[in-house]
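One structure below.
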Amino acid sequence: MNLASLAALAATGSVDNGRQLYQSACLQCHGALRPNISPMLAADNPARIREAINPLSLMSTLSYLSNEDLLDIASYIARPGSNDTDRLFDWAEQQGFPDALGKSANATQEYGGYRYRYYPSARLFLGTRNGEVVMLGEGSTVPALLGTMRQYLRQMPPGR
Ligand code: HEC
């Protein structure tokens, strides 16, 4: 694991996973995320965390964290108020994916473990649950699996 391979990773990770990792691995020393604490230096910058995890620092015990873990934590630090479902749906609307998706009339809603938005012009629901993205056409009862959330996050451009 070196800095070059870290930089080669896509520049966005999972905010949801990063939030959990921050709570289990960072909170006890740095406290809750807020302006002017040192972890803020790592916003969208996982290499900054990897450099801080060196054998001479108090953070040496964190060397078990993978590059993907650090990417997730750095994404969370950059946008702590966000979540992966909203990031993915906002991006999908901008991309027009699936075809002719249009804009959702509603904010993200929750039902039966799903977080979803309804798209009136495409007449479909997009949802997420347990790390997967699904689509449900109006009148249909079985959601179609579009892939994992991670798979789509990997395609999202840096900084989102
Ligand atoms: C055992 C305590 C401890 C834990 C756990 C810890 N840190 Fe740190 N961290 C420190 C100390 C001490 C410093 C140096 C003083 C400071 O800047 O607050 C530091 C510094 C930093 C810096 C600044 C490094 C620089 O480039 O100046 C970053 C970024 C950082 N920590 C991120 C994290 C993240 C992210 C986690 C969780 C994965 C974490 N730390 C977990 C103790 C800890």
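Distance between the modelled labels on Asp86 and Gln155, one decimal in nanometres: 2.3 nm (7 Å Cα→Cβ projection). Exposure check, 1.4 Å probe, all protein chains in place: Thr61 carries approximately 100 Å² of accessible surface. Relative to the longest principal axis of the Cα atoms of the chain, the long axis of helix 67-78 lies at roughly 80 degrees. For region 93-148, the list of GluC sites (Glu not before Pro) that fall in a loop by DSSP and count at most 11 other C-beta atoms within 10 angstrom reads Glu138. Relative to the globular-protein estimate of 2.2 N^0.38 Å, the Cα radius of gyration of region 3-78 stands at 0.98. Report the normalised scattering of region 84-153 as log10 I(q)/I(0) at q = 0.27 Å⁻¹, calculated by the Debye formula with identical scatterers on the alpha carbons. Computed log10 I(q)/I(0) values: -1.48. The accessible surface of region 3-78, taken with every protein chain in place and a 1.4 Å probe, is 59 percent carbon and sulfur. Among Phe89, Phe125, the order of accessible area from largest down is Phe125, Phe89, computed with a 1.4 Å probe on protein heavy atoms. Counting Cα-Cα pairs of the chain in 10 Å increments starting at 0 gives whole-percent bin shares of 10, 37, 28, 17, 7, 1, 0. The figure for Met59 is an accessible area of roughly 50 square angstrom, using a 1.4 Å probe on the protein chains alone. Each residue was assigned an accessible area with a 1.4 Å probe, and for Arg48 the value is about 110 Å². Across the chain, the mean sequence separation of Cα contacts (distance under 8 Å, 6 or more residues apart), normalised by length, yields a relative contact order of 23 percent. Mean silhouette area of region 71-120, derived from the convex hull of its C-alpha atoms and averaged over all directions, reads 4.4 nm². Highest mobility in the GNM of the chain, judged by mean-square fluctuation with C-alpha springs under 10 Å and restricted to Asp86, Asp44, Asp72, is found for Asp86. For the residues Asp90, Asp69, a 1.4 Å probe over the protein chains yields an accessible-area ranking, largest first, of Asp90, Asp69. Estimated at 0.36 nm per residue, the fully extended path between Tyr118 and Arg79 surpasses their Cα-Cα distance by 11.6 nm. Protein heavy-atom surface of region 84-153, 1.4 angstrom probe: 52% of the accessible area is carbon and sulfur, with nucleic acids and ligands not counted.
Solvent-accessible surface of region 84-153, averaged per residue with a 1.4 angstrom probe and all protein chains in place: 56 square angstrom.
The values are calculated or read from the model by the stated rules, or taken from the named source; none is laboratory data. The structure displayed is predicted, hence computed values, not measured ones. For neighbour counting, all protein chains shown are included, and Cβ atoms are generated from backbone atoms with ideal geometry for every residue, glycine included. For the accessible areas, the whole protein counts, side chains as well, though only heavy atoms, and no ligand, DNA or RNA atoms are used. Shrake-Rupley method; radii C 1.70, N 1.55, O 1.52, S 1.80 Å.
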